[in-house]
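Every read-out reported here was derived from the displayed coordinates using simple, explicitly stated rules and does not represent laboratory data. Every value quoted in this text rests on a predicted model; they were computed, and no experiment measured them. We place every Cβ from the backbone using ideal geometry, glycine too, and count neighbours over all the protein chains shown.
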Amino acid sequence: MYRYDEFDHDFVHQRVGQYRDQVERRLSGEIAEDAFKPLRLMNGVYLQLHAYMLRVAIPYGTLNGKQMRRLARIARDYDKGYGHFTTRQNIQYNWPKLSDTPDILDELAEVEMHAIQTSGNCIRNVSADHFAGAAADEVADPRPYAEILRQWSSNHPEYSFLPRKFKIAVTGAERDRAAIQVHDIGLHLKRNEAGELGFAVYVGGGQGRTPIIAKKIRNFLPEADLLSYTTAIMRVYNLHGRRDNKYKARIKILVNETGKYEFSRQVEAEWQNLKETVLKLPEYDLAAIAAYFAPPQLQDRPEGWGLIAAGKKNDSGFASWVHQNVTPHRHPDYSVVTISLKPIGGIPGDASDTQMEVVAELAEKFGHDEIRVSHEQNLVLPHVAMADLENVYRALLEAGLATANAGLVTDIIACPGLDYCALANARAIPVAQEISERFDSLERQRAIGELKIKISGCINACGHHHVGHIGILGVEKKGAELYQVTLGGSGDEQTSIGQIIGRGFEPEKITDAVETIVETYMGLRQNPDETFLEAYRRVGPAPFKEALYGEKFKAA
Amino acid sequence: MMKVLTANRLADGIAVWLGANGQWLESIDAALIARHAEAVDALDDAGKSAFNNNVVVDIALIDVTEIDSEIYPIRLRERIRASGPTIRTDLGKQAEFRQATAA
């Protein structure tokens, strides 16, 4: 993984020093709140319902054991013993004191982390496939390009006052695990017929109050042109993006209103002035960054095959966990392990300080010191020998981290919602908990198969409800919580935005509604291999509407 | 409609309510209730003053009612602020001062 050089260390330490001075002056009254608020936000410090919230960047969701241990220590020493992993592969602390935040940022800087650009109208943390560098289906590791984008966009004066926040995602496999088509810019790393690396470029996707699927404006952009072309996109956006209306300021609105072809024409025209400039990436720079992400030296461990078979035979719990949470690695003797942060009835994405330390230890001992955070709010050990899987499982089990539900109906994404967030209109976590408890039987979950439920507590859609197979949006109606259901959304290579199925449900009825939807699917699927999404795309909303609303639907 | 004045304390961000003695309290229980327009105006002035003096941020007048002599915010958002996260009753005011009243 990337390691800070002298410049990076100096930059981050200087930034902490500046911030410390700003906090001291704010607390002494020298700076007023209106002047201070944008400064704290630039350093990831929000004010939420109960306290401040600190959002720490985890670039493209990659970190090592030492960094995870530090996140655990911060949770213990400065917060309330836990952290919340987010849908942007970051971590949030819910209770830090403003007066402690400079010390926390110092702690982070010591392990090459920070909270810069985790808020504000700038280019946010670049996200990537959480299986990057390990997945068997990967063309190339997207993280070097994410790192190049991170370095280029960090503190970039041209992008410090964009019309609105800006999110970039990169994937390196045909199977899109990074939801690139619902990002401001989505990059699909691939090879052309000559075997050269480059990107399909998608622009103008996003969720929020106006969900839009990104438009592909380039089928193949050579890798050397990554920064010049991205700069061209940013310049068109910076020039024409709406600054008069916050709700129309994202690039998705600009692309939609301008039209794909005209927007693309403007980008290409801008690019002609940029493509042969200093922004062209030299091969040696690409190679230098890629070297940081060189795959670990994986020794052959063929004994794992037999050990796995024996372990599965002896322990059905282990067998279920391997079946559900272990994914093929590009090395046949290794596996990618998903650590579910979705225990039955638990809080999606939360991990205690001790759980974080367990994960750190397992990464160091069995995982070549690599950990990933997924946008689905789970953790990943990307390089585990199959021979070590049972040891990893036993340790996770002891720590309450061995729930065998990756990709199943209880692997629910939920934003913090009204339990923490100042923007939320309704709670999201309790809904996730109740659905999780309703479907607690693993046998039932596996019979249902892949089903992604995503829940947001407001229209900003941090819980990605628009791309949930079943999406749930909490709203406030007449002073009470109400939950709207969307069906058929998907955030993969065949991205779709879920359709609203009908009137919303009260908190005490939403779990029943979800169960009705699931049972309807079970009743109409052609065979057990037809997933919920496939079945929905085949039959459309009508059977689900009828099941949910009965005669009223027919009358309508 | 009865109102109380709430805010978050500048230094640690903790939710606070203005009490009858002019102090910012960590529990809503002893918040000063404004029962008529003049009292609401007085609360508003007190909030602006505290904001300008860098004591609190994010001040807001919120609607409340009284149930069995306890102050009960009308909006769920404010009930959760007054109690703590509904999904972690070991955290927030409910763990420190009172039983959960939200939800």
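Give, as a single signed number, the net charge of other residues whose beta carbon lies under 11 Å from the beta carbon of A:Arg301, with Lys and Arg counted +1 and Asp and Glu -1.
-4
Out of the DSSP beta bridges found with both residues in the protein assembly as shown, what percent are antiparallel (nearest 5)?
Given both bridge residues lie in the protein assembly as shown, the antiparallel proportion sits at roughly 85 percent.
When a footprinting reagent is the concern and you count Cβ atoms within 10 Å, what order do A:Val358, A:Val111, A:Val380 take, fewest first?
Listed from fewest to most nearby Cβ atoms, that is A:Val111, A:Val358, A:Val380.
For the protein assembly as shown, which semi-axes, largest first and in whole Å, follow from the square roots of 5 times the eigenvalues of its Cα gyration tensor?
Each semi-axis is √(5λ); the values are 38, 31, 27 Å.
Within segment A:425-555, how many Lys pairs that are eight or more residues apart, or on different chains, come under 18 Å at the alpha-carbon?
Here the count comes out as 6.
Give the dimensionless ratio obtained when the Cα radius of gyration of chain B is divided by 2.2 N^0.38 Å.
1.01
What percent of all Cα-Cα pairs in segment A:473-514 falls into each 5 Å bin, going from 0 up to the bin containing the maximum distance?
So the P(r) values, bin by bin, are 7, 21, 26, 18, 14, 9, 3, 1.
Between the alpha-carbon centers of segment A:351-413 and segment B:16-95, tell me the distance in whole angstrom.
42
Measure out, as a whole number of angstrom, how far apart the alpha-carbon centroids of segment A:327-343 and segment A:107-142 sit.
Cα centres, segment A:327-343 to segment A:107-142: 19 Å.
Which Cys residues of chain A have no other Cys beta carbon under 4.7 Å away?
Cysteines of chain A left without a disulfide-compatible partner: A:Cys122, A:Cys421, A:Cys458.
Can you give the Kirkwood hydrodynamic radius for segment A:72-198, in Å, rounded to one decimal and based on Cα pairs?
It works out to 16.4 Å.
Under a Cβ-Cβ cut-off of 13 Å, what is the net charge of the residues other than A:Ile371 that fall near it, where Lys and Arg count +1 and Asp and Glu count -1?
Summing Lys/Arg as +1 and Asp/Glu as -1 gives 0.
Would you give the gap between the C-alpha center of segment A:456-528 and the C-alpha center of segment A:165-238, rounded to a whole Å?
27
Could you line up A:His13, A:His183 from fewest to most neighbouring Cβ atoms inside 10 Å?
Ascending number of Cβ neighbours within 10 Å: A:His13, A:His183.
Summing +1 for each Lys or Arg and -1 for each Asp or Glu, what net charge is found among the other residues whose Cβ lies under 15 Å from the Cβ of A:Arg265?
Once positives and negatives cancel, what remains is +1.
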